[in-house]
Amino acid sequence: KEKMLCPEANPLGIIPGNHTRRIYFGKAQNNESVTSNDSIKPAEVIIERSDEWELLDRPQLAPQLPQPLQERFGAPEEALLRFWVNGEEKVVTSGQFPVTTSLAEYLRYHVGLTGTKIGCGEGGCGACTVLLHAPADTMLLAPNPCMANACLRPLHSMNGWEVTTIEKVGTPKAPHPIQSAFVKHSASQCGMCTPGMVMSIYGHLAKGGSTEPQDLQGCIQGNLCRCTGYRPIHDAMRESIKVSCDVKVRLQPAVPLAMHRDGQTWFDCANLTDVFHVLSEYSTVPHRLVVGNTSTGVVKYYPFHRNDDPTVFINLQQVPELHEIKRGDGNGITLGAACTL
């Protein structure tokens, strides 16, 4: 627990976060007094605690749930997370992976599907784009299928979902027409962004998106390319508008569950009653309400908060009440907190 940082020892103003918590900063060197490389001393290791870091010692929960929660979610040690990747069923047991594991990490390092890249790790570059189909009983206002940044998507939120990756779209021996168009127009150089680009175009067409030039170009607004340039990418996109992008999936209903590892517990809630039962037990410990999970990516730019390292994760993605839009008797309208733009 010595990952502590004294504010006065951080003259560069670097805000500690996920990417800096294992790095120590010492006092800056006075460059004017340096006469040779030999006089440059390594940075000091700062081990003093500060209030900002005191909550790294987060409460540790026991694997056993209180009886009311166990009746609703079952015993964590018996929980099985089932979902499908490219048509193949995957089963994750409770405690097999940390509850902070992302879908991208699982796909790359445990399934071996390395076409899903991890670039920025905060949902900004689109290199990890995958296609998702929601469980059969989930009320979603977004078109089904939908696109997702796998680096932000928690593995434990995949209960009942179907994932399609670039490996399902095409192979080197049998590329998809979108991939062939990228090759024809030299729309790839380093290749880091290419799988995400292809998946975004594929997903846009698979859900019946408009093929108007402006709309088609807009489907890659969440994908960044740093070397190729967008002109050949747009040329490849224009050639892709008439291709078929049908995805055959078998949607399964999701079930409420709880999973536990390393003192942290994940709850998959099916309705608001589930949510309030969990909060009634754990509202006093660091907890996170998970929907888009975008805060995971940007939290490193802000001062540390007690919920940045939560003990309890409460998944709201499949709570139907939070996806509803209701019109009142007058001019009022009620939007569920999980509704998409």
Worksheet entry | Cα-centred dipole magnitude for the range 125-268, charges only on beta-carbon of K, R (+1) and D, E (-1), debye, nearest 20 | 360 debye
Worksheet entry | HN-Hα J in Hz across the range 266-282 - Karplus 6.51, -1.76, 1.60, θ = phi - 60°, x for Gly and Pro | 10, 10, 9, 9, 9, 7, 5, 4, 4, 4, 5, 5, 5, 5, 5, 8, 10
Item to complete: Quick one: which residues, 5+ away or cross-chain, put their amide H under 5 Å from the amide H of Gly119? H built at 1.01 Å from N.
Response: Ala127, Cys128
Fill in: J(HN,Hα) series, the range 189-199, from Karplus relation 6.51 cos²θ - 1.76 cosθ + 1.60, nearest Hz, glycine and proline x
10, 6, x, 5, 8, 4, x, x, 4, 4, 5
Worksheet item: Quick one: ranking Asp246, Asp329 by accessible area, 1.4 Å probe, largest first, what do you get?
Response: Asp329, Asp246
Worksheet item: What residues have an amide H closer than 5 Å to that of Val85, excluding those fewer than 5 places away on the same chain, when H is modeled at 1.01 Å from N in the peptide plane?
Response: Lys90, Val163
Worksheet item: Using θ = phi - 60° and the Karplus curve 6.51 cos²θ - 1.76 cosθ + 1.60, what whole-Hz ³J(HN,Hα) does each residue of the range 169-180 get, with Gly and Pro shown as x?
Response: 5, x, 10, x, 7, 9, x, 6, x, 5, 5, 4
Worksheet item: Under a plain spin-label model, where a point goes 7 Å from the Cα along Cα-to-Cβ, how far apart in nm are Glu212 and Leu272?
Response: 3.7 nm
Fill in: Pairwise FRET efficiency - Asn144 versus Arg226, Cβ, R0 = 41 Å, nearest 0.05
0.80
Worksheet item: Can you pick out the pairs among Lys184/Lys207; Lys117/Lys207; Lys168/Lys326; Lys242/Lys326; Lys117/Lys326; Lys90/Lys184 whose Cα atoms lie more than 31 Å from each other?
Response: Lys168/Lys326; Lys242/Lys326; Lys117/Lys326; Lys90/Lys184
Item to complete: Could you please put Arg327, Arg261, Arg82, Arg288 in sequence from largest to smallest accessible area, using a 1.4 Å probe?
Response: Arg327, Arg82, Arg261, Arg288
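Dividing the Cα radius of gyration by the Kirkwood radius, what Rg/Rh value follows for the range 197-278? Working shown, then result.
Values: Rg = 19.8 Å, Rh = 16.4 Å.
Reported Rg/Rh, Kirkwood definition of Rh: 1.21.
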Worksheet item: Share of the range 57-195's accessible area from carbon and sulfur, percent, 1.4 Å?
Response: 51 percent
Worksheet item: So how compact is the range 142-241: Cα radius of gyration and Dmax in angstrom?
Response: 13.6, 39
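The values are calculated or read from the model by the stated rules, or taken from the named source; none is laboratory data. Just so it is clear, the model here is predicted, and its values are computed rather than measured. FYI the Cβ positions are ideal-geometry reconstructions off the backbone, even for glycines, and counts take in every protein chain you see. What goes into the accessible areas is simple: the full protein's heavy atoms, side chains included, and nothing from ligands, DNA or RNA. Shrake-Rupley method; radii C 1.70, N 1.55, O 1.52, S 1.80 Å.
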